Structure formats: structure tokens, C-alpha cells
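Engineer: Mind having a look at this structure? Questions to follow.
The values are calculated or read from the model by the stated rules, or taken from the named source; none is laboratory data. For clarity, every value in this text was computed on a predicted model and none was experimentally measured. Positions of Cβ are generated from backbone atoms using ideal geometry, with glycine treated the same way; all protein chains shown enter the neighbour counts. For accessibility, only protein heavy atoms count, side chains too; no ligands or nucleic acids. Shrake-Rupley method; radii C 1.70, N 1.55, O 1.52, S 1.80 Å.
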Amino acid sequence: QVQLVESGGCWVQAGGSLRLSCVASGIISRVNVMGWYRQAPGKQRELVAIITSGGSTNYADSVKGRFTIGRDNAENTVYLQMNSLKPEDTAVYYCYVHTYGMDYWGKGTLVTVSS
């Protein structure tokens, strides 16, 4: 079993920055994928960014150049630095881990970007 705890979500004005963090605990393989998804009101959950344990990354086109994902393998922590935030970035952001063939999700942290 894996537990994920997110932090860092809050209200921010457009153009501002936020940094989300997620700590994973439990039985996690050294080879894994961590990342962030988001779900806006009335929309489906979508990929924001993922990073492998080897450091390879993938971003949604809508956040490329504005968001940066990073991780600390020793601490099983994943970060999401979000810059130049837009109102359309408003969503609940979920931490994600894929390990030992299973997907795990955090409970989410709300990011609200006002215009």
C-alpha cells in the first residue's frame, strides 16, 4: 500500500507562482513514475506532468515552459513548480505514483488562479 500526501495548493493571482509537493510513503519500487494530474470543475482528470525515477519527464502541452516537475528519490517526494499561472490552471491537483504495476493517487490539493 502506498500513501500520498499533497501540499501547497492555495489561491493565487494570474501570473503568480506556486509550488506543490507530494510525499509518498509505503512500499515503493526504486523504478517508478511519479507525477501530477489535475481536474477542473466539469472536466475529466488530465495529465499535467510526470517524471520517472531516472529523471525523464513529460508535460502536457498546456503547461510546457511554465511548469517544472522534480523529485527527490531518497525522500520519495515529487514537486511541481508552477509559474505564470493562468485562470485555466484552476483545478484540484492530484499526486500520482505508478509502482509495482499499480497506480496510486493522493486526495488532491486545490489550486485557484484568479484573473
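Engineer: Straight-line reach only, C-alpha to C-alpha below 16 angstrom: list the lysines that LYS64 could link to, leaving out same-chain residues fewer than 8 apart.
Structural biologist: Within the straight-line limit of under 16 Å, LYS64 reaches these lysines: LYS86.
Engineer: Run the accessible area of region 1-77 with a 1.4 Å probe and give the carbon-and-sulfur part as a rounded percent. Present the calculation step by step, with values, prior to reporting the outcome.
Structural biologist: Working: 2090 of 4340 Å².
Here it works out to 48 percent.
Engineer: Oh, and also: On average, how much accessible surface per residue is there in the chain, in Å², for a 1.4 Å probe, leaving out ligands, DNA and RNA? Please report the intermediate quantities before stating the final value.
Structural biologist: Details: 6150 Å² over 115 residues.
Ligands and nucleic acids excluded, the figure is 53 Å² per residue.
Engineer: Sticking with this structure for a sec: Using Cα positions and a limit of under 18 Å, work out the aspartates and glutamates in reach of LYS43, with same-chain residues fewer than 8 apart set aside.
Structural biologist: ASP61, GLU88, ASP89
Engineer: Quote the accessible area belonging to GLU46 in square angstrom, nearest 10, computed with a 1.4 Å probe and with ligands, DNA and RNA left uncounted.
Structural biologist: Taking all protein chains as shown, GLU46 has close to 80 Å².
Engineer: A follow-up question, please. Placing +1 at every Lys and Arg Cβ and -1 at every Asp and Glu Cβ, with all other atoms neutral, what dipole size does the chain have around its Cα centre, in debye to the nearest 20?
Structural biologist: Numbers: 10 positive and 8 negative charges, 18 e Å.
Around 80 debye, computed over the chain.
Engineer: Moving on to the next point. If a cysteine in the chain has no other Cys Cβ under 4.7 Å from its own Cβ, put it on the list, ordered by number.
Structural biologist: CYS10, each lacking another Cys Cβ under 4.7 Å.
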